[in-house]
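Right, one structure below, let's go through it.
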2 protein chains.
Amino acid sequence: MSGRDAAIAYAHQNRDRFLEEYKALLRIPSISTLPEHAGDVRKTAEWLAEQLRAVGLPKVEIMPTGGHPAVYAESAAVPGKPVVLVYGHYDVQPVDPLHEWVSPPFEPEIRGDYIHARGASDMKGQILAQIKAVEALAQQGGLPVTLKYLIEGEEEIGSKHLGAFIDAHREQLACDFVLNCDSGIHRADVPAIVYALRGLAYFELEVRGPKKDLHSGLFGGSVHNPAQVLCELIAGMHDAQGRVTLPGFYDKVRPLDDEERAELARLPLTDDEWKVIAGARELWGEAGYSVLERIGARPTLEVNGMLSGFTGEGSKTVLPAKAMAKLSMRLVADQDEAEIHGQLCRYLEAHAPKTVEWELRELTHGRGAIMDRHSHYMQAALNALETVYGSKPVFKREGGSVPVVGMMQQKLKADSIMLGFALPDDGIHGPNERQYLPKFFKGIDTYIHFMTSL
Amino acid sequence: MSGRDAAIAYAHQNRDRFLEEYKALLRIPSISTLPEHAGDVRKTAEWLAEQLRAVGLPKVEIMPTGGHPAVYAESAAVPGKPVVLVYGHYDVQPVDPLHEWVSPPFEPEIRGDYIHARGASDMKGQILAQIKAVEALAQQGGLPVTLKYLIEGEEEIGSKHLGAFIDAHREQLACDFVLNCDSGIHRADVPAIVYALRGLAYFELEVRGPKKDLHSGLFGGSVHNPAQVLCELIAGMHDAQGRVTLPGFYDKVRPLDDEERAELARLPLTDDEWKVIAGARELWGEAGYSVLERIGARPTLEVNGMLSGFTGEGSKTVLPAKAMAKLSMRLVADQDEAEIHGQLCRYLEAHAPKTVEWELRELTHGRGAIMDRHSHYMQAALNALETVYGSKPVFKREGGSVPVVGMMQQKLKADSIMLGFALPDDGIHGPNERQYLPKFFKGIDTYIHFMTSL
């Protein structure tokens with residue numbers, strides 16, 4: 001029996017114990033955004049550190065950051081094999097609305113094939129599955145690669161100290177690639193692997209007209225209405241083809257080649273299906289691109305919020321003093337958030353009339369990323385998924401942002417392999433978060449296959 | 001000493017008490033648009049009724065309407081003199097943004113020569129000044145005209161039950177003309193008298209995109225953002241010359257003749273002065289018209305409010321399901337609000353994309369009006385103003401709406417004499433509304449002069 005087969009057999013034999021450990025991990029309410037749970041967050045870090053020690057890793061540490069601590073671990077070096085940095089997070093989202101939970105969020109309950117608890121899918125199940133795969137390998141012949149672990153406690157609050165932490169420990173974290181377990185497979189029957197993520201540049205724009213709110217009858221028609229100006233500015237940010245008009249916005253966007261377009265077209269998703277998922281009347285977007293290309297490979301600009309004047313019930317005849325919009329761009333790999341900021345400023349300088357003042361504030365940003373689909377590591381991930389799920393995975397570009405992926409590319413020059421197993425209907429961030437248990441156990445098998453294929 | 005002089009002397013002797021009564025009236029938060037203030041609105045009606053009884057009017061009633069009640073009163077008939085229907089309103093606008101008020105809106109505070117409170121200028125000060133003039137005349141020889149009062153509680157919500165009320169009490173309200181105290185003098189040193197008012201058509205427009213809020217990363221670029229669509233629709237409602245683009249919008253607008261333009265040009269108001277009053281960086285408006293023509297003789301379209309998506313602190317990556325705007329048009333005489341409603345619908349039908357649904361609700365409307373500048377009553381008003389202010393008043397068209405003026409023309413066949421004393425920088429409808437106290441006292445004198453000149 002090969003080391004791989006022995007590890008898989010071991011994993012299957014120990015499922016009951018793994019499940020009990022999974023439950024124990026889910027019972028600790030590691031809500032990172034609530035100060036009253038800081039002790040629980042730390043307790044979770046210690047629980048994971050203990051697991052990694054039990055696996056036999058020679059170096060396991062709980063390391064301070066500017067906020068919640070990070071769990072770091074390192075295996076003995078395996079000569080001739082890649083160094084893999086396993087990334088995950090052990091913190092979870094808050095649980096409100098609490099009354100919508102069928103069972104209490106930190107008392108894991110199995111109903112049918114699902115385990116229900118906060119963090120079951122995002123992402124205690126996934127990081128534990130990876131550790132259990134390592135345990136199985138360690139018990140049945142030893143590790144096939146050099147492993148490092150970075151499990152942070154602040155992902156649900158924007159990973160705000162992670163960048164500085166990586167900067168301060170660049171050598172220690174050096175690796176050939178990152179195994180990112182905080183991701184999904186999209187559909188259990190046709191798993192997809194994400195190889196590109198969009199970045200984000202999020203701004204608040206305020207347009208200021210008269211010093212104070214005016215009577216729209218007494219002054220209307222003689223003073224430029226800042227809500228109207230804001231509308232004109234926003235309206236001008238897209239052209240009739242749905243393209244963003246900021247100067248230079250597409251300059252750094254990597255064009256899609258025919259091979260990649262063909263690969264994206266393999267994803268089993270029709271426009272009609274997407275329309276139903278989105279709850280939209282009609283689809284919309286940049287001319288010349290499919291839905292999956294639009295959300296995965298093209299940068300976009302959205303109005304996330306807008307506020308001006310009187311918005312209560314009934315009528316108030318006010319000419320508002322100011323108008324605000326939250327605007328964000330989803331960026332693709334190679335677009336730089338600072339350059340985008342500059343483009344937005346130049347657009348506003350060119351188009352805002354002298355009748356108003358404007359102020360632009362950047363609220364948050366993160367890099368997009370794209371990984372090499374043809375790398376040895378990516379092929380190993382594909383093979384592992386195909387073996388465990390029984391169908392050939394497809395490549396997918398993701399519209400959302402996982403800032404840590406861009407950060408790893410920028411700071412560690414390391415691509416990420418996204419090999420988590422969340423599904424869109426796991427209910428992450430909402431009430432009754434759940435994990436389909438067969439998927440948890442398949443996840444362990446997948447990680448064993450992956451690590452033994454490198 | 002003539003009755004007029006005695007009344008003026010009485011008014012001057014009683015200024016301190018009048019000021020205390022003014023404060024008492026300002027303390028009642030009669031916000032007609034907010035259901036939780038319905039009791040305060042009624043209390044204000046009762047307070048005014050009590051004042052009118054104290055003046056000695058033989059008939060004072062609080063009369064039900066379909067909404068907030070109206071205060072009606074009647075003096076004994078004075079043979080050979082005109083019957084004057086005094087019109088005013090006792091309700092006020094909401095107070096938001098509350099945090100911008102220096103002193104609480106319903107705790108009147110005197111700072112320098114100004115009293116600050118919601119309703120100080122619009123129009124509790126003005127209706128009280130008229131009643132105090134009547135008190136002075138009644139105390140010093142008796143009333144020189146037959147008086148009727150109609151003080152409504154729904155002016156700030158579009159006088160929505162006033163039309164039906166007037167229809168139901170047409171004989172009771174019969175008069176030679178209406179003395180409308182809900183108006184301004186434009187500048188204290190060169191008072192102006194308003195002979196034309198704009199009408200109003202106020203709408204709420206909702207644009208609906210996806211069924212619920214979406215994640216802007218997962219869906220951005222594939223679904224039309226309803227906030228963006230709303231911006232595009234609003235941006236298209238004006239052309240580059242500041243003209244409103246609704247189809248047929250200017251068809252019924254009466255052009256200004258040379259004589260009227262010359263009369264309007266006599267008003268001592270420079271663009272720079274208007275800029276200061278408005279607190280604007282630059283003026284703006286329809287090409288080819290002066291500021292006074294823009295606000296008095298030309299219809300306009302304003303955004304009064306706008307709301308969509310996430311508007312709190314920080315960032316939320318949402319693609320909103322809907323976007324709302326409050327839009328209103330100021331109309332000039334002869335424009336019909338139902339036709340304007342139709343024009344807005346036709347504009348939306350022509351320009352809204354199929355990716356969204358839209359719904360337009362009319363919230364309130366009122367007719368514009370224009371009065372004969374050469375009538376006997378108009379001349380008496382001019383003389384009273386000239387006597388009290390020491391300079392010859394000029395004629396003015398008003399940008400605001402007093403729908404009741406058009407309604408009185410339509411239903412009672414009575415012109416209105418606009419003899420209020422608000423100034424453009426009183427801050428009505430906004431935070432820190434104020435009244436210049438010397439103007440309040442001069443207002444009492446003006447009403448005494450006017451009533452004794454008829």
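Can you find even one residue in region A:253-268 that is farther than 30 Å from B:ASP425 by Cα, within 12 Å of chain B (Cβ to nearest Cβ) and touching a residue at least 12 places away in the same chain (Cβ under 8 Å)? For region A:253-268, residues farther than 30 Å from B:ASP425 by Cα, within 12 Å of chain B (Cβ to nearest Cβ) and touching a residue at least 12 places away in the same chain (Cβ under 8 Å): absent.
Among the residues of region B:48-85, those that are in a helix (DSSP H, G or I) and free of Cβ contacts under 8 Å to residues at least 24 places away in the same chain comprise B:GLU50, B:ARG53. Restricting attention to region B:328-380, the residues being of a type in the set (Lys, Arg), over 30 Å from B:GLU259 (Cβ atoms) and more than 10 Å from every other protein chain (Cβ to nearest Cβ) number 2.
Based on this model, can you work out whether B:ARG118 counts as of a type outside the set (Ser, Thr, Tyr), buried (at least 24 other Cβ atoms within 10 Å of the Cβ) and not in a helix (DSSP H, G or I)? Judged against the criteria, B:ARG118 is a match.
Counting only residues that are touching a Pro at 6+ places or on another chain (Cβ under 7 Å) and either assigned to a helix (DSSP H, G or I) or among the acidic types (Asp, Glu) (or both), which one in region A:16-34 is surrounded by the fewest Cβ atoms within 10 Å (Cβ to Cβ)? My answer is A:LYS23.
Scan region B:161-203 for residues that are out of contact with any Ser or Thr (no Cβ under 8 Å at 6 or more places or on another chain), part of a strand (DSSP E or B) and either within 11 Å of chain A (Cβ to nearest Cβ) or modelled with pLDDT of 95 or more (or both) and the total you get is 1. I want to confirm something. Restricting to region B:82-114 and keeping residues that are more than 14 Å from chain A (Cβ to nearest Cβ) and among the β-branched types (Val, Ile, Thr), which single residue is surrounded by the fewest Cβ atoms within 10 Å (Cβ to Cβ)? Per the criteria, the residue is B:ILE110. Within region A:284-298, the set of residues being more than 7 Å from chain B (Cβ to nearest Cβ) and surrounded by fewer than 24 Cβ atoms within 10 Å (Cβ to Cβ) comprises A:ALA287, A:GLY288, A:TYR289, A:SER290, A:LEU292, A:GLU293. Please determine, by comparing only the residues of region A:303-332 that are part of a strand (DSSP E or B) and either outside the structural domain of A:PRO247 (by TED's automatic domain parsing) or under 17 Å from the mean Cα position of the chain (by Cα) (or both), which one is farthest from B:MET324 (Cα to Cα). The residue in question is A:LEU331. Does A:ASP40 fit the bill of being assigned to a helix (DSSP H, G or I) and either farther than 18 Å from A:LEU437 by Cα or outside the structural domain of A:ALA133 (by TED's automatic domain parsing) (or both)? In short, yes.
The values are calculated or read from the model by the stated rules, or taken from the named source; none is laboratory data. Remember, it's a predicted structure, so these values are computed and weren't measured experimentally. Here the Cβ is made from the backbone with ideal geometry for all residues, glycine too, and neighbour counts use every protein chain on show.
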